[in-house]
1. Show the residue pairs that are 6+ apart or on different chains and have beta-carbon atoms under 8 Å apart, the first residue being within segment 72-90 and more than 22 Å from Arg111 (Cβ to Cβ), the second being outside any strand (DSSP E or B) and hydrophobic (A, V, I, L, M, F, W, C).
2. Can you find a residue that is assigned to a loop (DSSP other than H, G, I, E, B) and within 19 Å of Asp24 (Cβ to Cβ) anywhere in segment 58-70?
3. Quick one: in segment 1-55, of everything that is among the hydroxyl-bearing types (Ser, Thr, Tyr) and at pLDDT 65 or above, which residue is farthest from Phe113 (Cα to Cα)?
4. So how many residues does segment 73-94 have that are touching a helix residue (DSSP H, G or I) at 6+ places or on another chain (Cβ under 9 Å) and closer than 16 Å to Gly29 by Cα?
5. How about segment 97-110: which of its residues are over 30 Å from Thr46 (Cβ atoms) and outside any loop (DSSP other than H, G, I, E, B)?
6. Out of the residues in segment 71-96 that are of a type in the set (Lys, Arg) and in a strand (DSSP E or B), which is surrounded by the fewest Cβ atoms within 10 Å (Cβ to Cβ)?
7. Among Val55, Val44, Val68, Val115, which is the only one that is free of Cβ contacts under 8 Å to residues at least 12 places away in the same chain and within 17 Å of Asp23 (Cβ to Cβ)?
8. Loosely packed, with under 10 Cβ neighbours inside 10 Å, out of contact with any Ser or Thr (no Cβ under 8 Å at 6 or more places or on another chain) and of a type in the set (Phe, Trp, Tyr): which single residue out of Phe106, Phe65 fits that description?
Amino acid sequence: MLITKIKKRNNELARKDWWPDPDDLLEAGYTDANGEFHLQGGTVETTPIDPVLKVYHDCNDVTGFLGVPKPGSRKVKFSLPDKYITEGMVPKKVMDIGSINLELEFMDEGREFIVD
């Protein structure tokens, strides 16, 4: 489970895998009126998992021309520490990632044109 404050954003908790087993979406959700979200995901796997938090947002996402919004949404990925991976479908630990200023530019930031 993740707890944080991020204003009005779409968030996903995904499992990053290697071939031949593709990545799995473990949970998706949006922030609430307070900018907080809670995600919890579980999977049955025979190989180790590398969970990733993906945040899609439009903060500071305008062109240099008259402040016109850029198409799509910015995508930021955060790898989650192994100590939050536990046995069973109910998490034994909660990760609080705190407040994140999404106006910043992140290394390896991407762009997604279709965000559910």
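1. Ile85/Ile49
2. No, segment 58-70 contains no residue that is assigned to a loop (DSSP other than H, G, I, E, B) and within 19 Å of Asp24 (Cβ to Cβ).
3. Ranking the candidates gives Thr46 first.
4. 0
5. Taking segment 97-110 as the starting set, the residues that turn out to be over 30 Å from Thr46 (Cβ atoms) are 98-107, 109.
Within segment 97-110, Gly98, Ser99 meet the criteria.
6. Per the criteria, the residue is Lys77.
7. The match here is Val44.
8. Numbers: Phe106 fails: loosely packed, with under 10 Cβ neighbours inside 10 Å.
Answer to the check: Phe65.
The values are calculated or read from the model by the stated rules, or taken from the named source; none is laboratory data. Note that the structure is a prediction, hence the values are computed from the model and not measured. As a convention, Cβ positions derive from the backbone with ideal geometry for all residues, glycine included, and neighbour counts pool all protein chains shown.
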